[in-house]
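I have placed the structure first, in the form of structure tokens, so that the comments after it can refer back to it.
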Amino acid sequence: MKLYEVLFLIEGARAAQDFDGTEKELLAVLEKHGGKVRDKVRFEERKLAYAVRGHRRGAYLLAYFDAEPGAIREITADLNLSEYVLRTMIVRVEGGQVPEKKILGVLDTRPDRSFAAEGRDMEIPHGEGFHDLRMREHDEIGDIDIEASKDEE
Amino acid sequence: MKDRQFKDRARCRFCREKVEDIDYKDTQTLQKLATGQGKLFSRKRSGNCARHQRQAQLAVKRARYMALMPYIGGQG
């Protein structure tokens, strides 16, 4: 038995409707093939980095389970049949310990937030066109800042 | 003292933090290693050691597959 980590990407609409049922079904698939679920975490609906099968929003379910290496192929095949699971990824966890910190970073490239996080006052003037242009400029400034802060570390 | 500071800075950011494995789910860290377009920085730019750069490469590819990071472009 080895420890695996599985991340499901679930359709946003389905997750909003019935996350409990979805979770149960997915974990049942793992258990059907002899997997023993050790831990699970839900990550609520969010915007995806790109549209997957036409879905711009999705929710994630992260689970840690013990299974025989041979069962992984069957589990993957089973999960691929599911209609509301957009993506799945099963990864071996080295060391056999469920990590304490389970994070799923939010992809946030919005400049207003990054400036707020750094505690700067930056007013973005409103108005069509101009606003967009300013946003883009800030984006680039944000990138440079990240690099600069790296040097300071 | 100064010598030590320099040594610390010369090392790769993951080595300094003693990171064993780079997590593909941690997009906030991965974003720092990529351009606004989502392209991975070179080792020269990111300052990563060979081992951690390879891990970062794999982590970014995994994050892209799970739609956590873009393959191309910022907001998709």
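The values are calculated or read from the model by the stated rules, or taken from the named source; none is laboratory data. The shown structure was predicted, so the numbers you read here are calculated from the model rather than taken from an experiment. Backbone-built Cβ (ideal geometry, glycine too); neighbour counts: all protein chains shown. Only protein heavy atoms, including side chains, enter the accessible area calculation; ligands, DNA and RNA are left aside. Shrake-Rupley method; radii C 1.70, N 1.55, O 1.52, S 1.80 Å.
With K and R counted +1 and D and E -1, the other residues having a Cβ less than 14 Å from that of A:PRO99 yield a net charge of -2.
Computed from protein heavy atoms with a 1.4 Å probe, the total accessible area buried between B and A is close to 2700 Å². Taking Lys and Arg as +1 and Asp and Glu as -1, the other residues whose beta-carbon sits under 15 Å from that of A:ASP18 total -4.
Annotation note: chymotrypsin sites (Phe, Trp or Tyr not before Pro) in the range A:1-99 located in DSSP loop regions with a Cβ neighbour count of at most 16 within 10 Å are absent. Rounded to the nearest Hz, the phi-derived 3J(HN,Hα) couplings of the range A:92-103 under the Karplus curve 6.51 cos²θ - 1.76 cosθ + 1.60 (θ = phi - 60°) are 5, 9, 5, x, x, 10, 6, x, 6, 8, 10, 10, where x marks glycine and proline.
Modelled this way, with points 7 Å down the Cα-to-C-beta line, the labels at B:LYS44 and A:LYS102 are 4.2 nm from one another. Think of each Lys and Arg Cβ as +1 and each Asp and Glu Cβ as -1; about the Cα centre, that makes the dipole of the range A:2-96 roughly 340 debye. Taking the dipole about the Cα centre of the range A:1-51, with the C-beta of Lys and Arg at +1 and of Asp and Glu at -1, give me whichever of A:TYR50, A:VAL37, A:GLY12 is farthest to the positive side. The listed residue farthest towards the positive side: A:VAL37. Counting only other chain Cβ atoms within 10 Å of each residue's Cβ, the peptide B:34-41 averages 2. For the range A:1-71, trypsin sites (Lys or Arg not before Pro) are listed when DSSP marks them as loop and at most 15 other Cβ atoms sit within 10 Å of their Cβ; the list is A:ARG53. Charge tally for B:TYR71 (other residues, Cβ to Cβ under 12 Å; Lys, Arg +1; Asp, Glu -1): +3.
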